[in-house]
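One structure below.
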Amino acid sequence: MATSCGFEFKAKHFWYTDVEAEKFQRIQWTPNRWIHLAYRGFMFAYTIGWLIGAYVVNTTSTVYQFISNWTEVVMNLYFLIAFLVSIYGVATRGKAPSKGPLRWFHIINWWMFNVATVAAFNVTIFYWALIGRTRTAERNLRPVTFHLHVTNSILMLIDIFMVAFPVRLLHFFYAPLYGVVYILFMLILHWTNVNSAIYAAVNWSTSPATSAGYSIAAVIV
């Protein structure tokens, strides 16, 4: 259902309120909770399969340093939580009130959706703007590489059109916290002499100003 700008920018919408719990237990096209469960189960199974595959293919000691791998883990956690919430919805249909306040796990579900969605889009945008264009088509089209930097955003875009709970404009400030955490992680690696250049475009040792600029841009976007 469409809402006005005035409604979206109410102060209460900075937090996770004004939504029925039932919205987290169905897709927006049908109230059938079994369909929602099937969708959630498929998305989790699909993404966990790719996560395992990514770590099987990439056995380097630096695999934990890349934000694309971080984002893949975050996306998997989101789909896992959403799947568990869906199981709860099926198990308690007709028992738990659907119009009451959200439970803590509904709020976590919603928060993880915001973080995973923005993170996936940012990974795709910055990969192709800064890294992908310098690599060969053969490397960019490798299954795991393509999944981490293209399919991830496609999955979250599909989810945007499937979920019944609203996408709040005022939730935008939660997602940049994820970027701030990753920037702090990069700085810790730099300060401890582990790795100052996870990415060629972001080298805290030789180009700290440029690295800071890219980092700030990533958080703002």
| Relative to the longest principal Cα axis of the chain, at what angle does helix 208-220 sit, 0 to 90 degrees, rounded to 10? | 10
| query | Helix 33-57 versus the longest principal axis of the chain: what angle, 0 to 90°, nearest 10, using Cα atoms? | reply | 20
| query | Relative contact order for the chain: what is it in percent, counting Cα pairs under 8 Å that are at least 6 residues apart? | reply | 27
| Just Thr71, Thr124, Thr136 to compare: in a GNM of the chain, with alpha carbon springs under 10 Å, which one fluctuates most? | Thr136
| said: Need one number: nm distance between label points at Val57 and Thr30, each 7 Å from Cα along Cα→Cβ, rounded to one decimal. | reply: 3.3
| said: Can you compute 3J(HN,Hα) from phi for each residue in the stretch 74-80, using the Karplus curve 6.51 cos²θ - 1.76 cosθ + 1.60 with θ = phi - 60°, rounded to whole Hz and x for Gly and Pro? | reply: 4, 5, 5, 4, 4, 5, 5
| task | Can you pull the one-decimal nm distance between simple spin-label points at Ala129 and Val194, each 7 Å off the Cα toward Cβ? | result | 2.6
| Full-stretch length increase - Trp104, Phe42 - with 0.36 nm per residue and alpha-carbon distance subtracted | 19.9 nm
| query | So what is the calculated 222 nm ellipticity per residue for the chain, using -39500 (n - 2.57) for each DSSP H run with n of 4 or more, over all residues, to the nearest 500 deg cm²/dmol? | reply | -18000 deg cm²/dmol
| Could you give the length gained on full extension between Val181 and Leu141, defined as 0.36 nm per residue of separation minus the Cα-Cα distance, in nm? | 11.5 nm
| task | Give the label of the value calculated from the structure for semi-axes √(5λ) of the Cα gyration tensor in Å, choosing from (1) 68, 26, 15; (2) 34, 21, 15; (3) 29, 20, 17. | result | (2)
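Bear in mind these aren't lab numbers, they're just calculated from the coordinates by the rules spelled out. Values in this document were obtained by computation on a predicted structure and should not be read as measured data. Positions of Cβ are backbone-derived with ideal geometry, glycine not excepted, and every protein chain shown enters the neighbour counts.
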